[in-house]
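Everything on this sheet refers to the single structure shown next.
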Amino acid sequence: MEYREFLERGGDYFLSNLSIDLVIIGYEDHQLKCLLLQIGEKWILPGGYIGKSESVDEAAVRILKERTGLEDPHLNFLSVFGDSNRRFREEWKEFIEASGQPWKEEYWFNTRFVSLAYYSLVNIRDTHPVPGAFDRAVAWFPFEELPELWMDHEEIILQARSRLMEDVKHDHLTHELLSSPFTMPELHRLHQAILQEKIDRSRFQKKMLASGVYKRLPSLRKETPGRNPYQYIVKNKG
């Protein structure tokens with residue numbers, strides 16, 4: 001959709017007052033990272049609007065595919081962000097005027113918006129981030145080094161990280177962040193990065209193997225001298 005058409009007629013195509021924001025989480029250089037888009041001088045979460053003919057989940061999958069190129073992404077619903085004052089008139093006005101377009105109070109998105117937030121775990125190597133028509137840039141940022149963000153997006157990101165820290169305690173989903181096959185030392189380091197604490201390596205490995213989720217491959221990973229750990233894959237992914 002062309003920029004001007006989005007401004008003038010977006011309300012004909014998308015549900016009013018409702019949007020989707022995605023916290024897309026990757027892992028690189030022993031750090032958890034978040035994919036962000038730059039609009040103007042600030043950064044935002046990848047997101048978009050829900051087409052009038054699609055379900056909420058369909059819209060979330062579509063937006064994630066548009067932003068990363070992933071066909072079958074991991075996706076978990078996070079929360080609803082719907083503060084009574086969740087309206088971003090000044091941010092939009094500043095951005096649109098800076099782009100050379102006139103600001104109109106009657107623009108369809110110049111109203112209170114409720115956001116349905118999801119978080120997704122992705123392998124950074126498999127993603128091909130693409131900026132949208134309004135974005136100046138797209139980049140991965142470590143959670144500890146977030147830039148200045150639009151709106152309430154920092155709050156959404158922090159809630160996603162907190163949710164992930166809880167989810168990994170009872171769900172086996174962190175392999176989504178790793179290339180397959182992976183080793184137990186890699187999985188161990190990843191869990192330490194997520195939980196931000198030291199984890200006993202021996203107990204961790206016993207717990208992972210006892211889960212029955214992982215299948216050990218016959219080949220070893222040749223690393224530094226004296227370190228040749230076994231490689232694993234997720235059983236239900238072949």
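The values are calculated or read from the model by the stated rules, or taken from the named source; none is laboratory data. All of these numbers come straight from a predicted model, not from anything done at the bench. Backbone-built Cβ (ideal geometry, glycine too); neighbour counts: all protein chains shown. What goes into the accessible areas is simple: the full protein's heavy atoms, side chains included, and nothing from ligands, DNA or RNA. Shrake-Rupley method; radii C 1.70, N 1.55, O 1.52, S 1.80 Å.
Within the straight-line cut-off of under 26 Å between alpha carbons, the lysines reachable from LYS65 are LYS33, LYS42, LYS52, LYS235, LYS237, sequence neighbours fewer than 8 places apart in one chain being disregarded. The phi-based Karplus calculation (6.51 cos²θ - 1.76 cosθ + 1.60; θ = phi - 60°) puts the 3J(HN,Hα) values of the range 121-126 at 9, 9, 8, 3, 5, 8 Hz, whole numbers, x for Gly and Pro. Note on TYR107: accessible area approximately 10 square angstrom, rounded to 10, probe 1.4 Å, nucleic acids and ligands left out. Accessible-area rank, largest first, for LYS33, LYS206, LYS169, LYS198: LYS198, LYS206, LYS169, LYS33, with all protein chains present and a 1.4 angstrom probe. Once the 1.4 Å probe is applied to the protein heavy atoms, the range 1-61 comes out at 44 Å² accessible per residue. One equal scatterer on each Cα of the chain, no solvent, Debye formula: the resulting log10 I(q)/I(0) at q = 0.12, 0.16, 0.17 Å⁻¹ is -0.73, -1.15, -1.27. Each Lys and Arg contributes +1 and each Asp and Glu -1, all at the Cβ; summed about the Cα centre of the range 16-170, the dipole is approximately 260 debye. The P(r) of the range 15-110 has a tail past 17 Å containing 61 percent of all C-alpha pairs. With K and R counted +1 and D and E -1, the other residues having a Cβ less than 13 Å from that of LEU18 yield a net charge of +1.
Note on exposure: HIS30, HIS172 ranked by accessible area (1.4 Å probe, complete protein assembly) read HIS30, HIS172, with the most exposed listed first. When MET208, MET1 are compared by accessible surface with a 1.4 Å probe, the order from highest to lowest is MET1, MET208. Under the shape rule built on the C-alpha gyration tensor, where the axes satisfy a ≥ b ≥ c, the range 9-61 is oblate, since a/c reaches at least 1.5 while a/b does not exceed b/c.
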